[in-house]
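The values are calculated or read from the model by the stated rules, or taken from the named source; none is laboratory data. Computed from a prediction, not measured in an experiment: that's the story for all the values here. Using ideal geometry, Cβ is built from the backbone for each residue, glycine included, and neighbour counts are taken over all protein chains shown.
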Amino acid sequence: MGKTMKTKKKNVAEKNLTVLNDLKELFKSLTDQNAIIGRDDERIVIDLSKAWFLKDKDISEIYNKSVLIAKNGAMSIFQDFEINREINIMMLNISYSIIENNENYKNFHYFNEIRDLIYSIPIMTQKQREYYKNNHDNLISKLFEITDKDRKNIRESLFGLSDNSSKHH
């Protein structure tokens, strides 16, 4: 029984080390191409025009594989990601577990190293931070608009209701 627990703990540590090494490799490649615009407290901004080697499937894979595991659960390193094709950037939104540096996450092998890696990315200028925060807020606003329109369309298709239905009486 003790050997099984040691094996599981070793596998967890190895898995998390792989996540750390993959992120190091990614950030090194992005840095080599001068593709990292910088970061603020909530996101890392990447210039996709300089990250020519990243395909859409790679971006999803980065997000999906950036998870630390521990005996009591899993923790995503990135909350989500956003791509704005108009200005050709990607924003990796840093998970609150990384931002808060909560003591509860210290039992995840390599948590501190990953947090240090993320915070080693240069901070953007105040002007850049404001610009990308506004960009993020605009994307979220558009998402809510789409969701609201979809909700109305769903309601109409399910119940035959529309905003004009009350005007006929």
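Could you check how many residues of segment 28-54 are more than 19 Å from Glu86 (Cβ to Cβ), basic (Lys, Arg) and without any contact (Cβ under 8 Å) to a residue 24 or more places away in the chain?
Number of matching residues: 1.
Say we look at segment 115-137 and pick out the residues that are among the hydroxyl-bearing types (Ser, Thr, Tyr) and within 23 Å of Val67 (Cα to Cα); which of these is surrounded by the fewest Cβ atoms within 10 Å (Cβ to Cβ)?
First, the residues of segment 115-137 that are among the hydroxyl-bearing types (Ser, Thr, Tyr): 119-120, 125, 131-132.
Filter once more, so that each one left must be within 23 Å of Val67 (Cα to Cα): 119-120.
Values: Tyr119: 14, Ser120: 9.
If we take residues in segment 115-137 being among the hydroxyl-bearing types (Ser, Thr, Tyr) and within 23 Å of Val67 (Cα to Cα), then Ser120 is surrounded by the fewest Cβ atoms within 10 Å (Cβ to Cβ).
For segment 89-112, name all the residues that are surrounded by 18 or more Cβ atoms within 10 Å (Cβ to Cβ) and in a strand (DSSP E or B).
Ile89, Met90, Met91, Leu92, Ile94
At pLDDT 90 or above and either touching a Lys or Arg at 6+ places or on another chain (Cβ under 7 Å) or closer than 28 Å to Val12 by Cβ (or both): is that true of Ile118 in this structure?
Numbers: at pLDDT 90 or above: yes; either touching a Lys or Arg at 6+ places or on another chain (Cβ under 7 Å) or closer than 28 Å to Val12 by Cβ (or both): yes.
Answer is yes for this residue.
When you look at Glu86, is it assigned to a helix (DSSP H, G or I) and either buried (at least 16 other Cβ atoms within 10 Å of the Cβ) or among the acidic types (Asp, Glu) (or both), yes or no? So that I can check it myself, show each step before the final result.
Numbers: assigned to a helix (DSSP H, G or I): no; either buried (at least 16 other Cβ atoms within 10 Å of the Cβ) or among the acidic types (Asp, Glu) (or both): yes.
No: the conditions fail for Glu86.
Can you say whether Ser141 is part of a loop (DSSP other than H, G, I, E, B), of a type outside the set (Lys, Arg), modelled with pLDDT under 80 and out of contact with any Ser or Thr (no Cβ under 6 Å at 6 or more places or on another chain), as far as the supplied structure shows?
no
Give the residue that is farthest from Gly73 (Cα to Cα), with candidates limited to residues of segment 1-27 that are basic (Lys, Arg) and either modelled with pLDDT of 95 or more or surrounded by 14 or more Cβ atoms within 10 Å (Cβ to Cβ) (or both).
Here is the first cut: in segment 1-27, the residues basic (Lys, Arg) are 3, 6, 8-10, 15, 24.
From the residues that got through so far, the ones that are either modelled with pLDDT of 95 or more or surrounded by 14 or more Cβ atoms within 10 Å (Cβ to Cβ) (or both) too are 15, 24.
Working: Lys15: 13, Lys24: 23 Å.
This residue is Lys24.
Pick from Ile44, Ile59: which is within 15 Å of the chain's Cα centre (by Cα) and assigned to a helix (DSSP H, G or I)? I'd like the intermediate steps shown before the answer.
Details: Ile44 fails: assigned to a helix (DSSP H, G or I).
Exactly one of Ile44, Ile59 is within 15 Å of the chain's Cα centre (by Cα) and assigned to a helix (DSSP H, G or I), namely Ile59.
Can you report the number of residues in segment 87-97 which are closer than 21 Å to Thr18 by Cα and modelled with pLDDT of 90 or more? Give the steps one after another, and end with the answer.
Kept after step one, since they are closer than 21 Å to Thr18 by Cα, are these residues of segment 87-97: 92-95, 97.
Those still in the list that are modelled with pLDDT of 90 or more too: 92-95.
Summing the residues that are closer than 21 Å to Thr18 by Cα and modelled with pLDDT of 90 or more in segment 87-97 gives 4.
Contact list please: Cβ distance under 9 Å, first residue in segment 70-86 and farther than 22 Å from Leu20 by Cα, second residue assigned to a strand (DSSP E or B) and of a type outside the set (D, E, K, R), pairs at least six apart or on different chains.
Pairs that qualify, where the first residue is farther than 22 Å from Leu20 by Cα and the partner is assigned to a strand (DSSP E or B) and of a type outside the set (D, E, K, R), are Ile83/Ile89; Ile83/Met90; Ile83/Met91; Asn84/Met90; Asn84/Met91.
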